[in-house]
Number of protein chains: 2
Amino acid sequence: MVRLREFDEEKVLQAAMRVFWEKGYEAASINDLTSAMAIQRPSLYLAFGDKKQLFETTLRKYTQWHAAGIRKKLESNSSVREAIRAYFEGLVDEAYDGEGSMGCFCINTMVELSPHDEKFEIITREHQMYLAVLFQETIERGIRSGELHQETNAKALAQSLVISLIGITVLLKSRPDRSFVDNAVEVSLSLL
Amino acid sequence: MVRLREFDEEKVLQAAMRVFWEKGYEAASINDLTSAMAIQRPSLYLAFGDKKQLFETTLRKYTQWHAAGIRKKLESNSSVREAIRAYFEGLVDEAYDGEGSMGCFCINTMVELSPHDEKFEIITREHQMYLAVLFQETIERGIRSGELHQETNAKALAQSLVISLIGITVLLKSRPDRSFVDNAVEVSLSLL
DNA sequence: TGCTTTTTGTACCTTTTAGTATATTATACT
DNA sequence: AGTATAATATACTAAAAGGTACAAAAAGCA
């Protein structure tokens, strides 16, 4: 029965994600969203619920996409050191190439919403924990292959890398001298 | 000549700072501010300019206060390792003692405003650079005293500590298991 | 073809937003 | 004491916010 959606749900959600990612939850207005999504206001409410629900949907999409991207990059290099180095250096390169990067939607949400909304506290925490597991598995692979010392504390090291990742991503927003970030990356990698 | 202010500028600025610190720039309304400051709306505009100007004033106050606090803590212990450890552990303790901590106003601003407003990009960048200098001076003191190796790269290490500080402060907003943060602190301190 | 059902577009609602006009009050100086 | 001056309080404005009512439109099925 009946009339079907005229828009591609996947595409409009991606447009909404981009708006929330760039502006944050509060600063993104419904008008910003409907413009970017190219749908009418009632269609938004009908298809995705209110602003908070739409935000949650886009954030969940983001965390899945983000985690998959990191996993792929970490698995793409047989050398664990090189894989992790490439990931960190890629982040930095992106930030200093032309227009700069957009940072991390999940980190933005941790700062803006997690302290005031338990739902987002949980979503963001679980994402960071998942990233830590990805790093840990990568480090354990390096231990098995003999690339890293047998006594390496994979879990603690992985958690420390997640902390560095967050710190770098946030600091990049203030556009510091590249050497600042390069040094920090080098020190972090020296732990491996 | 004439009628004098009925309010203590220092106190009301502190109240405003607290509002912006807790809620962020967008989510803090003028009503929130005037309530917390216990002044009337036109008094706010007359004394402090518009919302953005007031925000900037409170942020500058914050960075001064924050830097002075860190400096004092780092100088308060003759052992450099112990001073830095105490600082990081104090942060974590605060976050897990009862109601949790409020994070860092400057970091919040880096995430919310720096990407969209050059003025805040500069203020937040300079604050982080200043913190890095404070850590660097502390590390150099440790090198001079013989507590740290002569070959220690004080600058790079200090910058890495600032990155860790940011990462920990942000991650704490998602209330992760304490062991996560404890491990990351331990790894960071192992670099000293 | 016509009926049912869901999406769409227009227009609207209420509340809240940042910011201000104005009149009143209180003080310091003449 | 009276006057000039600045801060206060009340009340307001215009714009924008999030959200919705309702009628028109479109598609599957009888």
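The values are calculated or read from the model by the stated rules, or taken from the named source; none is laboratory data. Owing to the predicted nature of the structure, the values given are computational and were not obtained by experimental measurement. Counting neighbours? That spans all protein chains shown, and the Cβs are built from the backbone with ideal geometry, glycine included. Only protein heavy atoms, including side chains, enter the accessible area calculation; ligands, DNA and RNA are left aside. Shrake-Rupley method; radii C 1.70, N 1.55, O 1.52, S 1.80 Å.
Summary table
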read-out: Other copies of B:ARG3: label-to-label distances in nm, shortest first, labels 7 Å along the beta-carbon direction; value: 5.9
read-out: Contour minus Cα-Cα distance for B:GLU186 and B:ASP32 (0.36 nm per residue); value: 51.5 nm
read-out: For A:THR34, solvent-accessible area (1.4 Å; no DNA, RNA or ligand), Å²; value: 20 Å²
read-out: Protein accessible area in chain B, 1.4 Å probe - carbon and sulfur %; value: 48 percent
read-out: Amide H within-cut-off set for A:ASN153, under 5 Å, with H built and near neighbours excluded; value: none
read-out: Estimated dipole of region A:9-189 in Debye, rounded to 20 [Cβ of Lys and Arg +1, of Asp and Glu -1, Cα centre]; value: 320 debye
read-out: Stretchable slack from A:LYS61 to A:SER79, in nm (0.36 nm times residue separation minus alpha-carbon distance); value: 3.5 nm
read-out: Computed [θ] at 222 nm, helices only, for chain B once each DSSP H run of length n ≥ 4 contributes -39500 (n - 2.57); value: -24000 deg cm²/dmol
read-out: Local electrostatic count, A:ILE107, Cβ distance below 11 Å [Lys/Arg +1, Asp/Glu -1]; value: +1
read-out: Kirkwood Rh and Cα Rg combined as Rg/Rh, region B:110-153; value: 1.27
read-out: Projected label distance in nm at A:LEU46 and A:ASP117, using a 7 Å step from Cα toward the beta-carbon; value: 2.5 nm
read-out: Positive-end residue, region B:59-189 charge dipole about Cα centroid, Cβ charges, pick of B:GLY69, B:GLY98, B:VAL170; value: B:GLY69
read-out: Solvent-accessible heavy-atom area per residue, rounded to whole Å², over region B:59-189 at 1.4 Å; value: 44 Å²
read-out: Accessible area that becomes buried as B packs against A, both chains, 1.4 Å probe, Å², nearest 100; value: 3300 Å²
read-out: The protein assembly as shown, Rg to Rh (Cα coordinates; Rh as Kirkwood inverse mean 1/r); value: 1.00
read-out: Inter-copy spacing of B:VAL133 label points, which lie 7 Å from Cα along Cα→Cβ, given in nm from shortest upward; value: 4.5
read-out: Copy-to-copy label separations for B:GLU26, where each label sits 7 Å from Cα toward Cβ, in nm and ascending; value: 0.9
read-out: log10 of Debye I(q)/I(0), alpha-carbon scatterers only, for chain B at 0.08, 0.15 Å⁻¹; value: -0.32, -0.95
read-out: Subset of B:LYS11/B:LYS155; A:LYS52/B:LYS51; A:LYS51/A:LYS72; A:LYS52/B:LYS52; A:LYS52/A:LYS173 violating a 29 Å alpha-carbon distance limit; value: B:LYS11/B:LYS155; A:LYS51/A:LYS72
